[in-house]
């Protein structure tokens, strides 16, 4: 059975790492959401300017189309910060599931500050927390702690997906 999963959370939560490992475990494709930002959005982030809804809409539509058009299992890493963003992703993908990696602001800032060669600066992490509308209570959402090991979260995500096959 093909699964469509978004691993979501603020920058520094470990969503790309978990999404890649989950895609491998499910014999699916990994889609790195950051690779699909428009150049204008990339430029804004490099300059420390937070993206607005208008910046994210074409990006979310592209990601939804890629996920929905994928014939097999696909796992996407995407911040998906707001309910409206998740609804936009769901609009093109049947039975889309979300794994939300929760992390505290200081831990996220510390992780992002340690990155090298990444266009998202630590100065924007607070903006992501301000925009975040946690997905608790939404359908097909698993909430995990980013403070757990990748292996622990991978095991929990695989178990959760298996029970919803």
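The values are calculated or read from the model by the stated rules, or taken from the named source; none is laboratory data. Here the structure is a predicted model, which is why all the values come from computation and not from measurement. Virtual Cβ from ideal backbone geometry, glycine too; neighbours counted across all protein chains shown.
A few notes on this one:
- Given (1) at pLDDT 95 or above; (2) out of contact with any helix residue (DSSP H, G or I) (no Cβ under 8 Å at 6 or more places or on another chain); (3) surrounded by fewer than 19 Cβ atoms within 10 Å (Cβ to Cβ); (4) not in a helix (DSSP H, G or I), index of the condition residue 87 fails: (4)
- All conditions but one from (1) in contact (Cβ under 8 Å) with a residue 60 or more places away in the chain; (2) touching a helix residue (DSSP H, G or I) at 6+ places or on another chain (Cβ under 8 Å); (3) closer than 22 Å to residue 107 by Cα apply to residue 51; the one that does not is (1).
- Residue match in the stretch 26-43 (condition: in contact (Cβ under 8 Å) with a residue 24 or more places away in the chain, over 12 Å from the mean Cα position of the chain (by Cα) and assigned to a helix (DSSP H, G or I)): yes
- Some residue of the stretch 113-131 being part of a helix (DSSP H, G or I), in contact (Cβ under 8 Å) with a residue 24 or more places away in the chain and under 13 Å from the mean Cα position of the chain (by Cα): yes
- Hey, residue 106 under 22 Å from residue 36 (Cα atoms), modelled with pLDDT of 90 or more and not in a loop (DSSP other than H, G, I, E, B) or not: no
- Selection status of residue 109, within 22 Å of residue 138 (Cβ to Cβ) and touching a helix residue (DSSP H, G or I) at 6+ places or on another chain (Cβ under 8 Å): no
- Candidate set: the stretch 66-81, residues that are touching a residue at least 24 places away in the same chain (Cβ under 8 Å) and more than 17 Å from residue 34 (Cβ to Cβ); chosen: the one surrounded by the most Cβ atoms within 10 Å (Cβ to Cβ): 73
- The combined condition, being touching a strand residue (DSSP E or B) at 6+ places or on another chain (Cβ under 7 Å) and surrounded by fewer than 16 Cβ atoms within 10 Å (Cβ to Cβ), is fulfilled by residue 145.
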